[in-house]
Structures are given as structure tokens and as C-alpha cells.
């Protein structure tokens, strides 16, 4: 899935090209093995840092 939000045209073109990638069932299986759903769950910052976010 392309991730927009860049300053340079080159990176935007790379992001747009990502929409053309076709993942095989084996690709998806391997991704699930190394990064299962929920593996990246949790807060972005430690609790003491969260107080300073969005100030």
C-alpha cells in the first residue's frame, strides 16, 4: 500500500508504484510469520513522554 506524504517527487513516485506490487500467498504467509497481527501493538512513546505529545 503506498504511503503518501513526502517532500520529493521521487519518493512520491516510489509510493505510487507500490500500488502495483502483487504479493503472492507465500509472500503473505512469510510476512505473517515475521510480523504477525498485533506484533506492533502498544503506545508509540513511553508513558512519561506521552505528556509532552501535541503541545
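Kindly list, by first and then second residue, each pair from a residue in the range 43-55 that is on the phi < 0 side of the Ramachandran plot to a residue that is surrounded by 10 or more Cβ atoms within 10 Å (Cβ to Cβ), limited to pairs with Cβ atoms under 7 Å and residues at least 6 apart or on different chains.
Sorted first by the residue in the range 43-55, then by its partner, the pairs are 43/50; 53/45.
Could you list all residues from the range 1-42 that are surrounded by 10 or more Cβ atoms within 10 Å (Cβ to Cβ) and in contact with a helix residue (DSSP H, G or I) (Cβ under 7 Å, 6 or more places away or on another chain)?
The answer is 2, 6.
Read-outs: derived from the displayed coordinates by stated rules, not from any lab. Please read these numbers as outputs of a predicted model, since none were measured by experiment. Virtual Cβ from ideal backbone geometry, glycine too; neighbours counted across all protein chains shown.
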